[in-house]
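Below: the structure, in structure tokens.
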Amino acid sequence: MKTTIELKSIPDDKYSDYRYDVIFNAYKWDPQVGDHNTIARQVVMMEEDTAQQLEKWAEQLSEETMLMEEALVHQPVLAKKLGLPKQILKAFERLSRYDRNNNIRLMRFDFHPTTDGWALSEVNSDVPGGLAEASVLPEIACKYIEGAKPRKNIGESLLQAFNERLEENSTIALIHATSYSDDRQVMEFLSDYLQVHGYQTVLAAPDHIKWENKRAICIMEGKEGPIDGIIRFYPLEWMTMLPRKSGWKGYFDCRVSSCNHPVAILTQSKRLPLVWDELGVDIPAWKGLLPETRDPKAIKPGDDGWIYKPALGRVGGGISIKEAITEKERIQIIKAVRRDPAGWVAQRKFISRPLTDANGESFHLCVGVFTVNGRSAGFYGRISPFPRIDERAGDIPVLIFKGGYKNERKP
């Protein structure tokens with residue numbers, strides 16, 4: 001499919017105002033990573049057809065992902081091939097039954113414009129970030145860019161999902177690493193949004209919850225009481241580093257509506273394609289959009305047609321795109337793969353197609369498409385001068401041409 005997108009710059013004399021607006025009103029408390037400004041000076045302009053196609057793919061991928069999770073829950077032998085910590089695989093033994101309808105399923109699928117059209121790189125299945133950037137940031141950007149409109153608001157989609165499962169004035173616990181500002185900002189956004197729409201919220205660490213008869217109870221001083229819903233922004237593999245007395249395994253078989261339930265870790269693993277053919281699930285969208293993926297041991301050393309990814313890698317870290325990393329990091333990755341190939345995967349490399357702004361600067365783009373319970377729920381954009389989209393990338397709003405098309409008519 002033709003990638004009908006372009007970069008448009010925030011006017012130079014407005015950028016400072018825009019940046020402060022984003023920091024204070026879009027929960028962007030980490031606007032700088034080292035020497036890299038993470039609030040882009042540009043916006044992505046997208047035509048309606050392109051937006052609709054990405055959303056259609058994401059919805060197809062989401063349904064297939066949930067089917068794979070339901071299959072893996074009952075096939076622990078296959079789950080062992082995903083490179084997950086043993087403590088997590090053991091915790092799944094507590095799960096006698098999983099019903100997706102009792103929970104809320106949030107995912108983000110990352111797409112990249114390439115020399116051959118769009119390519120899917122992965123799903124952020126467990127704790128996808130970029131929620132405020134996909135909700136508030138586009139609304140702010142439209143004040144500075146003429147002829148643009150936002151797409152969807154992920155906060156609204158999550159609110160509707162909870163409305164279908166919880167009663168008015170219910171209490172939702174927002175579980176996160178409370179000492180990290182970049183995690184806290186995500187939870188503050190959701191807390192503010194949910195409170196405005198009638199929910200009580202508790203900003204808590206995972207061990208602030210205890211479990212009684214598979215129900216969640218908050219034990220934070222001043223916030224004690226039953227919890228009706230959970231939004232988890234704490235990577236599941238981090239749970240294994242908590243003390244046993246924290247009771248973290250209670251998240252697996254709880255009867256509280258969760259976003260996301262721990263089953264999400266099964267499809268977070270980049271090694272998932274290695275068990276596709278054994279799952280007995282039809283997944284044409286995944287097989288058609290994801291580059292060929294293999295076990296690292298099947299790749300000839302030094303073959304530049306492949307990249308390595310850590311099985312539970314996040315934020316682009318550890319990906320061996322030669323043009324985007326130092327030789328030192330490349331060597332470190334190769335050594336890590338050799339030491340523990342079961343914790344990595346090899347993926348056929350695609351050629352990212354950079355976009356050029358009005359100043360002639362080139363950037364690589366990743367468009368994350370959120371889904372909530374299988375329905376598209378918003379776009380999260382990131383750009384980088386490097387073909388690896390990692391912690392150095394800038395957050396960029398994804399906007400739609402008013403009227404749907406650049407020339408206000410369907411081409």
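The values are calculated or read from the model by the stated rules, or taken from the named source; none is laboratory data. None of the values given here were measured: they were computed from a predicted structure. Cβ placement follows ideal geometry from the backbone for every residue including glycine, while neighbour counts extend to all protein chains displayed. When the accessible area is computed, the model is the full protein with side chains, heavy atoms only, and any ligands, DNA or RNA have been set aside. Shrake-Rupley method; radii C 1.70, N 1.55, O 1.52, S 1.80 Å.
What you get for region 211-254, charging only the Cβ of Lys and Arg (+1) and of Asp and Glu (-1), is a dipole of about 140 debye around the Cα centre. In this structure the chain gives 45 Å² per residue of accessible area when probed at 1.4 Å with all protein chains present. Accessible surface comparison of Asp182, Asp30, probe 1.4 Å, protein chains only, largest first: the order is Asp182, Asp30. Our summary gives the chain a relative contact order of 27 percent, counting only alpha carbon pairs under 8 angstrom and 6 or more residues apart. Sorting 386-394, 141-149 by average packing, meaning the other beta carbons within 10 Å per residue, from highest down gives 386-394, 141-149. Charges were assigned to the Cβ only: +1 to each Lys and Arg, -1 to each Asp and Glu. The resulting dipole of the chain about its Cα centre is roughly 1240 debye. The residue among Ala161, Ile140, Gly129 whose Cα reaches farthest toward the positive pole of the charge dipole of region 120-174, with charges on the beta-carbon of Lys, Arg, Asp and Glu, is Ile140. Taking the helices alone, the chain has a mean residue ellipticity at 222 nm of -8500 deg cm²/dmol, built from -39,500 (n - 2.57) per DSSP H run of at least 4 residues and averaged over all its residues.
Accessible area ranking (1.4 Å probe, heavy atoms, ligands and nucleic acids excluded), largest first, for Asp277, Asp304, Asp183: Asp277, Asp304, Asp183.
Ranking of Glu237, Glu323, Glu69 by solvent-accessible surface, largest first: Glu323, Glu237, Glu69 (1.4 Å probe, protein heavy atoms only, all chains present). Label point of Ser362 set 7 angstrom out along Cα-Cβ; within region 322-350, amide nitrogens under 14 Å from it belong to 323-324.
Within the same chain, aspartates and glutamates fewer than 8 places from Lys28 are excluded, and of the rest, those with a Cα less than 18 Å from its Cα are Asp17, Glu133, Glu139, Asp182, Asp183, Glu188, Asp192, Asp390, Glu391, Asp395. Quick one: among Gly360, Gly316, Gly288, which has the greatest mean-square fluctuation in a GNM of the chain with alpha-carbon springs under 10 angstrom? Residue with maximal mean-square fluctuation among Gly360, Gly316, Gly288: Gly360. Mean sequence separation of contacting Cα pairs (under 8 Å, at least six apart), scaled by the length of region 339-399, corresponds to a relative contact order of 23 percent. With the Cα gyration tensor of region 127-213 giving a ≥ b ≥ c as the square roots of its eigenvalues, does the rule (a/c under 1.5 for rounded; else a/b larger than b/c for prolate; else oblate) give rounded, prolate or oblate? Oblate is the answer for region 127-213, as a/c is 1.5 or above yet b/c matches or exceeds a/b.
Sort region 316-392 into rounded, prolate or oblate with this rule: let a ≥ b ≥ c be the square roots of the eigenvalues of the Cα gyration tensor; rounded if a/c is under 1.5, and if a/c is not under 1.5, prolate when a/b is larger than b/c, oblate otherwise. Cα axes put region 316-392 in the oblate bin. Here the contact order of region 278-340, divided by its residue count and restricted to Cα pairs under 8 Å and six or more residues apart, works out to 22 percent.
Surface composition of the chain: carbon plus sulfur atoms hold 47% of the accessible area, using a 1.4 angstrom probe and ignoring ligands, DNA and RNA.
What is the antiparallel percent of DSSP beta bridges lying wholly in the chain, to the nearest 5? Bridges in the chain are about 75 percent antiparallel.
Highest mean packing first, where packing is the average number of other Cβ atoms within 10 Å per residue, the peptides 342-348, 40-46 line up as 40-46, 342-348. Ranking Cys218, Tyr20, Ile331 by how far each Cα lies toward the positive end of the dipole of the chain (charges on Cβ) leaves Ile331 at the top.
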